[in-house]
Amino acid sequence: MARALIKVPRSARRGDVVEISTLIAHPMETGFRAGADGQRLPRSLIRRLSCEYNGALVFSAEFFAAVAANPYCAFYTVATESGTLRFTWEGDGGFAQIETVAITVT
Amino acid sequence: MSRWPRAASLALLVGALSLRHAVAAEPSADARRSGFAYMTPSTQAMQRDDTQNPGMLWVGDGEASWRRKAGKADQACADCHGAASASMRGVAARSPDFDLRLERPVDLAARINLCRERHQQAEPLPLESQELLNLEVFVAFQSRGMPIAPATDERLASFRERGKQLYRQRMGQLDLACTQCHDDSAGKRLGSSVIPQAHPTGYPIYRLEWQSLGSLQRRLRGCLTGIRAEPFAYGAPELVDLELYLKSRAAGLPLETPAVRP
């Protein structure tokens, strides 16, 4: 089950610095822990978050085992033109989630 | 100071202090604090902002479950109850409620499962499962901001009394009762953590230690393990009785579901 909460200002003026925050549901299992049966739980991490603004990469981050479950990530970008922000999370076990959010720039 | 001799101003000061003391000692002065008050500003900010609060992920899932048809009756919660924002408002604030058929109090999770069995003709969801927590937090979320208003049914009184006894009962190898930490030592520290007053204001909560959402029963079981007592099983009547008492103790405090706790 993949779910995400994304906060992007709906509209901004050209040249504004806008804050973008993302929160995604993910167990971020380190691969070092044992389950109730004593067997090691397979690693399941989000490895990378990237954000493209109208096709151009504006932000990316790599995640590792020390990041808590349901990782929150906030960053800034400059509002240049109306369009879409495309968020991509990629991780172990073929995990991939893509969300798009529209932004209007005046 | 010339017009106010020192003795007179001192007397005034003492008078003011004793007045303040009198106000604090008055039973109407509410010294109760939600666990929220003991958290760091950053954790408080996490709870306040719905896009930072991970509990909102479960609320979103719960809304989807609310609309999903289930069971032999092929009915969704929404088919009977309609919009949760109207029909479920206040439900969590007065839970646990008295069930006429079982003739005992049931908490929100049990109520959802009873509804599944009786009306949707569906299998009850396993307690503390993701699916049940989704629905529970979605229903409780509809009461966010409302004061806790325990059900007034007289048949609940004996169960509430039993909960109160349990709260004061020494248990486990450490031989501790809830009241010894949460009344006598609230506000002090246990290791690095502040001991809260144990008001169930935000359940189900997103607990940072769990890295997940969990119910009040999970929290109570954690406390029982902490005092090295054998925890009551999920759904045990003792846990519901305890919740009944805790809710009456917290009556009037606003619900924060989904709360974030360290």
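All of the numbers you see were taken from the coordinates with simple rules; none came from a lab. Keep in mind that this is a model prediction, so the values were computed, not measured. Heads up, the Cβs are rebuilt from the backbone with ideal geometry, glycines too, and the neighbour counts pull from every protein chain shown.
A few comments on the model shown:
- Rounded to 10°, Cα long-axis angle of helix B:237-249 versus longest principal axis of chain B: 40
- Taking amide H as placed 1.01 Å from N in the peptide plane, the amide H of A:Thr77 sits under 5 Å from that of A:Val18, A:Ile20, each at least 5 places away or on another chain.
- Hydrodynamic radius by Kirkwood, which averages 1/r over all alpha carbon pairs of chain A, in angstrom: 14.9
- Efficiency of FRET from Cβ geometry, B:Lys188 and A:Thr88, R₀ 45 Å, rounded to 0.05: 0.45
- Across the stretch B:148-261, Cα-Cα pairs farther apart than 16 Å form 62% of the total.
- In this structure the amide hydrogen of B:Ala122, modeled in the peptide plane, comes within under 5 Å of the amide hydrogens of B:Lys72, B:Glu117, none closer than 5 places in sequence on its chain.
- Net charge of the neighbourhood of A:Arg3, taken over other residues with C-beta under 13 Å away and scored Lys/Arg +1, Asp/Glu -1, is -3.
- Counted by Cβ distance under 11 Å from B:His119, the other residues give a net charge of +1, where Lys and Arg count +1 and Asp and Glu count -1.
- Restricting the trypsin sites (Lys or Arg not before Pro) of the stretch B:146-228 to loop positions (DSSP other than H, G, I, E, B) with no more than 15 neighbouring Cβ atoms within 10 Å leaves B:Arg170, B:Lys188, B:Arg228.
- Footprinting exposure proxy for B:Tyr234, A:Tyr53, B:Tyr206 (fewest neighbouring C-beta atoms within 10 Å first): B:Tyr234, A:Tyr53, B:Tyr206
- Of all lysines in the structure, the ones whose alpha carbon falls short of 28 Å from that of B:Lys247, not counting any fewer than 8 places away in one chain, are B:Lys164, B:Lys188.
- Ellipsoid equivalent to the protein assembly as shown - semi-axes via the Cα gyration tensor, in Å: 39, 32, 22
- Computed over chain B, the ratio Rg/Rh where both radii use C-alpha atoms and Rh is Kirkwood: 1.07
- Remark: B:Leu246, A:Leu57 ranked as A:Leu57, B:Leu246, counting other beta-carbon atoms within 10 Å and listing the fewest first.
- Neighbour-count order for B:Trp210, A:Trp89, B:Trp58, fewest beta carbons within 10 angstrom listed first: B:Trp210, A:Trp89, B:Trp58
- Interchain or long-range residues, amide H under 5 Å from B:Leu176's placed H: B:Met171
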